[in-house]
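Peer 1: Below are the structure tokens for one structure; questions will follow.
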Amino acid sequence: MQKIAITGNIASGKSEVEKILLLKGYPVFDTDIMAHEILGNVDRKKLGEKVFRDSKAKKRLEEYIHPKVKAKILEIFSKNYDVVFISVPLLYETDFYKLFDKVILVACDDNIRLQRLMKRNCFSKEEALLRINAQIPQNEKISKADYVIYNNSTKEALANDMEEVLSKLFK
């Protein structure tokens, strides 16, 4: 089984890459969805307001949720897939990167990510920046990834770039 991580900082376009892969028939899983399922019907907006302003609360949440997400990833790996893609936003903030054969990083200009996040989540600039600054800077992740896709343009351009990565992955 080829285990491929999709990562990228918040609002970079990971979900769009997931959609492209799903349309091509690949098995794709998202650790954000796994985390939400683990937490149940928690008010994510209130939780986010708390953990992005209180580093101790954030650490406690991560200590609770990361082992459970890791167990779900390992469960997926126990299935009989030839290849599997798993979206892991905090790939390098955790030790999850060690679980994968290859990493695809979706990168995007910081101003575009800021505008997307403010629009998508109805965040103030301050709220959006709290979330952006909670992750390892994108340029540090670029040097660690096997493949980098820049999502600063159209969905069509993103799909074309993803097609190019897939051809390199499966040649």
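The values are calculated or read from the model by the stated rules, or taken from the named source; none is laboratory data. Not measured: the values here are computed from a predicted model. All Cβ positions, glycine included, derive from the backbone under ideal geometry; neighbour counts span all protein chains shown.
Peer 1: When you go through N133, N151 one by one, which is the residue that is within 21 Å of K58 (Cα to Cα) and among the polar types (S, T, N, Q)?
Peer 2: N133
Peer 1: Okay, moving on. Given the stretch 11-124, what helices (runs of 4 or more DSSP H) lie entirely inside it while holding 1 or more residues that are of a type in the set (F, W, Y)? Let's see the steps before the verdict.
Peer 2: On the way: elements: 14-23, 31-39, 44-51, 55-77, 110-121.
It comes to 55-77.
Peer 1: Among the residues of the stretch 153-166, which ones are in a helix (DSSP H, G or I) and farther than 19 Å from I4 by Cβ?
Peer 2: K155, E156, A157
Per-residue answers, yes or no, for (1) touching a strand residue (DSSP E or B) at 6+ places or on another chain (Cβ under 9 Å); (2) at pLDDT below 95; (3) acidic (D, E); (4) farther than 20 Å from I4 by Cβ:
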site: Y81; (1), (2), (3), (4): yes, no, no, no
site: V84; (1), (2), (3), (4): yes, no, no, no
site: L90; (1), (2), (3), (4): yes, yes, no, no
site: A107; (1), (2), (3), (4): yes, no, no, no
site: L114; (1), (2), (3), (4): no, no, no, yes
site: C122; (1), (2), (3), (4): no, yes, no, yes
site: N151; (1), (2), (3), (4): yes, no, no, no
site: K168; (1), (2), (3), (4): yes, no, no, no
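Peer 1: Further question: Before we move on, is A5 over 23 Å from L169 (Cβ atoms), among the small types (G, A, S) and either touching a residue at least 40 places away in the same chain (Cβ under 8 Å) or in a helix (DSSP H, G or I) (or both)?
Peer 2: When the stated conditions are applied, A5 does not pass them.
Peer 1: From the list F100, F96, which residue is modelled with pLDDT of 95 or more, in contact with a His (Cβ under 9 Å, 6 or more places away or on another chain) and within 30 Å of K56 (Cα to Cα)?
Peer 2: Of the residues listed, the single one that is modelled with pLDDT of 95 or more, in contact with a His (Cβ under 9 Å, 6 or more places away or on another chain) and within 30 Å of K56 (Cα to Cα) is F96.
Peer 1: Now a separate question. Quick one: which residue in F96, F85, F77, F100 is farther than 21 Å from K24 by Cβ and of a type in the set (F, W, Y)?
Peer 2: Sole residue among the options that is farther than 21 Å from K24 by Cβ and of a type in the set (F, W, Y): F96.
Peer 1: Tell me which residues, restricted to the stretch 137-162, are among the acidic types (D, E), touching a residue at least 40 places away in the same chain (Cβ under 8 Å) and surrounded by 11 or more Cβ atoms within 10 Å (Cβ to Cβ).
Peer 2: Selection gives D146 alone.
Peer 1: Of (1) surrounded by fewer than 19 Cβ atoms within 10 Å (Cβ to Cβ); (2) touching a residue at least 12 places away in the same chain (Cβ under 8 Å); (3) more than 21 Å from I33 (Cβ to Cβ), S124 satisfies all except one. Which?
Peer 2: (2)
Peer 1: Here are the criteria: (1) free of Cβ contacts under 8 Å to residues at least 12 places away in the same chain; (2) crowded, with 17+ Cβ neighbours inside 10 Å. Tell me which single one V103 does not satisfy.
Peer 2: (1)
Peer 1: Just the residues that are buried (at least 16 other Cβ atoms within 10 Å of the Cβ), under 23 Å from F77 (Cα atoms) and among the small types (G, A, S), please, taken from the stretch 16-64.
Peer 2: Within the stretch 16-64, A35 is the sole residue that qualifies.
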